[in-house]
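**Student:** The structure that follows is given in the form of structure tokens.
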Amino acid sequence: MALRTLSFPLLVLVIFGCSACANLCARKSSWFDRTCAGTDVAHSDPMCEHNLDKCTDGQKAAFEAYVECLEANNQCSLDIVAGCASRHPGGVNLMCKG
């Protein structure tokens, strides 16, 4: 009985954690799709969610800061993307090994 009581909260945390990763990946992709359409800036990260699932909380926070930096801009350019990457280097191109 005690195992069942502990299992449900753990399941909720796992589901929430994975959806938070997916949300960040979706926000990043959405920004590139919406803001960079018709420009020379291309983006593709099909492994984003898989990689973030293995990241530490600190790495995820750095990625979230990078995504928020992108979202703060209403236009797309390589300078903007590079600027966000330089301000949040720990959040760019994460390849967490978990």
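**Student:** Just by accessible area at a 1.4 angstrom probe, what is the order of VAL67, VAL81 from largest to smallest?
**Tutor:** Details: VAL67 0, VAL81 30 Å².
Listed by decreasing accessible area, they come as VAL81, VAL67.
**Student:** For labels at VAL92 and ASP79 in the simple 7 Å Cα→Cβ model, what's the distance in nm?
**Tutor:** Roughly 1.6 nm, to one decimal.
The values are calculated or read from the model by the stated rules, or taken from the named source; none is laboratory data. Everything numeric in this text was worked out from a predicted model, so none of it was measured. Quick reminder, even Gly has a Cβ in these numbers, built from the backbone with ideal geometry, and neighbours come from all protein chains shown. Only protein heavy atoms, including side chains, enter the accessible area calculation; ligands, DNA and RNA are left aside. Shrake-Rupley method; radii C 1.70, N 1.55, O 1.52, S 1.80 Å.
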